[in-house]
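The values are calculated or read from the model by the stated rules, or taken from the named source; none is laboratory data. Because the structure is predicted, anything quoted here is derived from the model rather than measured. Reconstructed Cβ throughout: ideal geometry from the backbone, glycine too, with neighbour counts over all protein chains shown. Quick note on the areas: whole protein, heavy atoms, side chains included, nothing else; ligands and nucleic acids left out. Shrake-Rupley method; radii C 1.70, N 1.55, O 1.52, S 1.80 Å.
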Amino acid sequence: MRDPYDVLGVQKNATPAAVKSAFRRLAKKLHPDANKTDNTAATKFSELNAAYEIIGDDAKRKAFDRGEIDAEGKPRFQGFPGGGAGRGRPGGPRGGAGPGQDSSFESFTWGPDGFQRSSSGRAGGFRGGGGIDDILKEMFGAGGGAGRRGQTFEQEDFGGPAPGRDVTGTVTITLPEVLSGTSRRVHLPTGKDIDAKIPAGLADGQTIRLKGQGLPGPGGSAGDALITVTIAEHPLFKRDGANLRLELPVTLYEAVLGGKVRVPTLGSAVELSIPKNTSSGRTFRLKGKGLPKAGATGDLFVTTKIILPDGNDSELETLMQKWRDGHPYNPRSDFG
């Protein structure tokens, strides 16, 4: 671990108030909840806490300055008894604790088992007022800060592996791919490219979760990748839940005389029988030709739209004039 003075960015002669102020400032900056996409945030935050454990405590700071403990709070090797220059002062910290003195030290580390406190001899004095726990509670509320989805960091959370962070991505698929399912190459914020399998029947905006493809946590498993699926617009079909809607152009003579017309679907085309005297706007239902849904398949609703030929047709005009004079009717009679 780095020198705790360097971690906190203070000089060795900094006052306790300056040390505490530096810790508060950096804790706000480096707290994992303020850096959700930074997979190194938890490591930096634990290093900061470990540094403050040393120089935020008067006894440990003095022991560190004298070279009696290292940056992790562990006692340094002082030589064997009678070993000459490495021999400690009788009754002093190097030669054993004298009367009224406490030679125990507490280490504060981050390892494979998460955030750990350990002590040599009697427990060190960092549980009291003004310690890390108190400062974090003051800054972030009970437990040291807001966790994911409204949870809070309880004090004991620092004893277990830090969870990984989820990452997000988006993919766009076509309507035929909704019907059959597909896969997409997705570039994640982690820098990785992965093949995401898209199951059939997903709705627009639905999210799929890819386990273990997120950012790793220190000493813990990786988070997940959350992929949001967008369905591209189709030139012919409109989505209506699991159903599809299609506007089908028909000729005037098909509407009047009836007949079979070819209708496209997401699969192969089918034939639809148009009855005689079919008005524009009449809707036909093709069962099971929509999108897959839970335990079933939606339908395709086909609405006719009568289309006249381009340009003027004198014969059609003459026919319609004769027909109008002999068979007048008013389709808007209900309008009043």
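Key figures for this structure:
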read-out	value
Within segment 268-305, considering residues that are β-branched (Val, Ile, Thr) and not in a loop (DSSP other than H, G, I, E, B), the one modelled with the lowest pLDDT	Thr297
Of all residues in segment 173-196 being open to solvent by 80 Å² or more (accessible area, probe 1.4 Å) and in contact (Cβ under 8 Å) with a residue 12 or more places away in the chain, the one that is farthest from the chain's Cα centre (by Cα)	Ser180
Any chance Thr304 is surrounded by 14 or more Cβ atoms within 10 Å (Cβ to Cβ) and within 30 Å of Val167 (Cβ to Cβ)	no
Breaking point among (1) farther than 30 Å from Gly191 by Cβ; (2) at pLDDT below 90; (3) surrounded by 15 or more Cβ atoms within 10 Å (Cβ to Cβ), for Gly67	(3)
Index of the failed condition, Val263 passing every other in (1) open to solvent by less than 90 Å² (accessible area, probe 1.4 Å); (2) in contact with a Ser or Thr (Cβ under 9 Å, 6 or more places away or on another chain); (3) within 21 Å of Leu179 (Cβ to Cβ)	(2)
Residue selected from segment 307-318 under the condition assigned to a loop (DSSP other than H, G, I, E, B) and loosely packed, with under 12 Cβ neighbours inside 10 Å, by the criterion farthest from the chain's Cα centre (by Cα)	Asn312
Qualifying residue in segment 205-215 (condition: touching a residue at least 60 places away in the same chain (Cβ under 8 Å) and under 22 Å from Asn39 (Cα atoms))	yes
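Residue-by-condition table, conditions (1) closer than 30 Å to Ala200 by Cβ; (2) in contact with a strand residue (DSSP E or B) (Cβ under 9 Å, 6 or more places away or on another chain):
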{"residue": "Thr283", "(1), (2)": "yes, yes"}
{"residue": "Thr297", "(1), (2)": "yes, no"}
{"residue": "Glu317", "(1), (2)": "no, no"}
{"residue": "Trp323", "(1), (2)": "no, no"}
{"residue": "Asp334", "(1), (2)": "no, no"}
